[in-house]
1. What do you reckon, is A:Ile261 within 14 Å of another protein chain (Cβ to nearest Cβ) and among the β-branched types (Val, Ile, Thr)?
2. So A:Ile275 clears everything in (1) touching a Ser or Thr at 6+ places or on another chain (Cβ under 9 Å); (2) in a helix (DSSP H, G or I); (3) of a type outside the set (S, T, N, Q); (4) modelled with pLDDT under 95 except one condition, right? Which one?
3. Any residue at all in the stretch A:27-36 that's under 30 Å from B:Phe219 (Cβ atoms) and either within 11 Å of chain B (Cβ to nearest Cβ) or buried (at least 20 other Cβ atoms within 10 Å of the Cβ) (or both)?
4. Filter the stretch A:214-232 down to residues that are more than 23 Å from A:Ser75 (Cα to Cα) and outside any helix (DSSP H, G or I), then give me how many there are.
5. Could you please let me know if B:Leu295 is touching a residue at least 12 places away in the same chain (Cβ under 8 Å) and assigned to a helix (DSSP H, G or I)?
6. Between a residue in the stretch B:250-261 that is farther than 13 Å from B:Thr237 by Cα and not assigned by TED's automatic domain parsing to the domain that holds B:Ala225 and any residue that is surrounded by 17 or more Cβ atoms within 10 Å (Cβ to Cβ) and acidic (Asp, Glu), which pairs come within a Cβ distance under 7 Å, given they are 6 or more apart or on different chains?
7. With (1) within 14 Å of another protein chain (Cβ to nearest Cβ); (2) charged (D, E, K, R); (3) farther than 21 Å from B:Ile300 by Cβ as the list, and B:Arg192 as the residue in question, which single condition is left unmet?
8. Return the pair list, or none, for Cβ contacts closer than 7 Å from residues in the stretch A:46-57 that are at the interface with chain B (Cβ under 7 Å from one of its Cβ atoms) and surrounded by fewer than 18 Cβ atoms within 10 Å (Cβ to Cβ) to residues that are modelled with pLDDT under 90 and assigned to a helix (DSSP H, G or I), at least 6 apart or on different chains.
Protein chains: 2
Amino acid sequence: MTNIRDLAQMAGVSVTTVSRVLNNYPYVSEEKRKAVMDVIRKTNYQKNINAVHLSKGRTNLIGVVLPYFDTPYFSLVLKGITIQAKIYNYNLVLFQTEYRVDREIEALQMLKQKQIDALVICSRISDISIIKKHLQFGPIVLCEDLAGSQFSTTFVDHYKVFQQALEYLYEKGHRKIGYCIGRKSGTNSRMRELAYIDFHKKHHLPFDPEYIINRCLYFEDGDRAFQHIKKLKNPPTALLVTSDQVAAGIVISCQKEGISIPDNLAIISFNNEPIAKMMNITTIEIPLTKMGENLFLQAIDDKISNKEISVNLIERGTV
Amino acid sequence: MTNIRDLAQMAGVSVTTVSRVLNNYPYVSEEKRKAVMDVIRKTNYQKNINAVHLSKGRTNLIGVVLPYFDTPYFSLVLKGITIQAKIYNYNLVLFQTEYRVDREIEALQMLKQKQIDALVICSRISDISIIKKHLQFGPIVLCEDLAGSQFSTTFVDHYKVFQQALEYLYEKGHRKIGYCIGRKSGTNSRMRELAYIDFHKKHHLPFDPEYIINRCLYFEDGDRAFQHIKKLKNPPTALLVTSDQVAAGIVISCQKEGISIPDNLAIISFNNEPIAKMMNITTIEIPLTKMGENLFLQAIDDKISNKEISVNLIERGTV
DNA sequence: TTGTATGCGTTATCAT
DNA sequence: ATGATAACGCATACAA
């Protein structure tokens, strides 16, 4: 492998001059520039980027932590991150954690070792105090409302949104409302649970833990959710579903079994993925790609900032 | 940031000894090892991995090129790659190309610059000759049958499989068979097309280009495919569908519109994703995760090898 | 405008 | 068992 010193010798200039040419710096005469360009072409020279990294102290690599790639929610966030990464000439190192702590620690480790310049955590499993300890090694951006922390964040006020959705269903006459969620832990899930509990308190409605259906991520989980509520003696008349995919699965199962939507079961889902439009599902649109873009920009920004993202109810046929 | 030299000084030993301790080499006395360990703990020292990379000439990073993260096909392959990567202590740099050449070139560029040790290309858009030129910079593994090339490959014989599926439908009495495919270009897609053409020649069946439906990747594409064949004067009685997701979408649309499966329309899909079981879809199981694992192992192997993966028809209710 | 010299943090080689 | 020192390949402060 030819290096910058070889080039210098072959072109009859100094390594500095070669470096200047390589990085398009001014103050290099046309003839020397040409001479260097020639040997670059002749040798098929390519920079060793690791040397650049070591010398500069940074890698232009951003780590992205997320549980799954194959759910629309995260793949849309990732899309946004990718868009801005490309613009700013960064590459991404992706960590699919499946909510396993060790995978998340690995990402933090890479930050510590300076293999990545910053870390975007789209959804975390480990304790916030663990993450905070790594802030000294580089920027860490999160997707949840952590007011007053030293993290940059981009988040949806899930308490407020869930509350509004519940009130909307209440006004439509629903008194037995359940919800499907990806996981029970996590700030965002707990905010939704809190909104759910507070809603029931406010309206003096009984709280039935059977109305909360966990681990709902994929289309086929919709069928499981449906089977679950079908078995209940006193099933809910409405569901909030935190993914359009799952909602679609529920709708399909209802159709199969002759349950009429929205008459027998009303559904509001989240994200407004293409499938929601195809299946005419009422959904709360979250601008996930925009969120992703913002997350990236915060990751490469020295200043910490917190940005709330607003959502948008799209009324279709399931309420 | 404290470095290895600082540690050496603080522990009263040489940098070599520190390096030996850090990398668990033998030949270092217990007392010196302990002294070094102490200062490591005290200083919260962390290796700068970029220096390791420069010194060693490799990064323990493998690039993975794929068009989409959010289709089960690729996310399952990726899962397999991830499993082995973890075992061998490698990290992944993912390139979601969406079949844009520039994104693919970027991956090849990183190989050239030694930022990644090897490259796994799950599906390519650029010409094979372009890719071949980069073989000098590191191993490149592909997912297609390229007999006699210098690439390592893991592949399914899509010609054979498609042919068998077509013959299976023929035996069941079908004479008008169409298929849904992700894209028309690409070795694997062309192999399937070739099998399709040869099948029609062999049985002296008319070839109708309207029977081939392109760009079928997601659930909602199934509805589009359905709408397409519904409009045909002489619609197919059977479909091969290269993704269970799409097949599920077709099944749903058929149910909606009262088309009976398999009586009015038979379907064989591919992959055997969870949704295929849920919807009782006859499918050809491809061990995608196993494929991914093998792809990774080939990437870190110096020898080139070519491995054909065999598939498995799972008979359910759509034929 | 150009070049010299040094630093980046580690691993590897070769003495001792 | 231990250490001095030379790579690794580039960027850059400083000098000229």
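1. yes
2. If we test A:Ile275 against (1) touching a Ser or Thr at 6+ places or on another chain (Cβ under 9 Å); (2) in a helix (DSSP H, G or I); (3) of a type outside the set (S, T, N, Q); (4) modelled with pLDDT under 95, just (1) comes out false.
3. Within the stretch A:27-36, none of the residues are under 30 Å from B:Phe219 (Cβ atoms) and either within 11 Å of chain B (Cβ to nearest Cβ) or buried (at least 20 other Cβ atoms within 10 Å of the Cβ) (or both).
4. 1
5. yes
6. none
7. Failing condition for B:Arg192: (1).
8. Correct list of pairs: A:Gln46/B:Lys112.
The values are calculated or read from the model by the stated rules, or taken from the named source; none is laboratory data. Just so you know, these numbers come straight off a predicted model, no measurement behind them. Methodologically, a virtual Cβ is constructed for each residue, glycine included, from the backbone with ideal geometry; neighbour enumeration extends over all protein chains shown.
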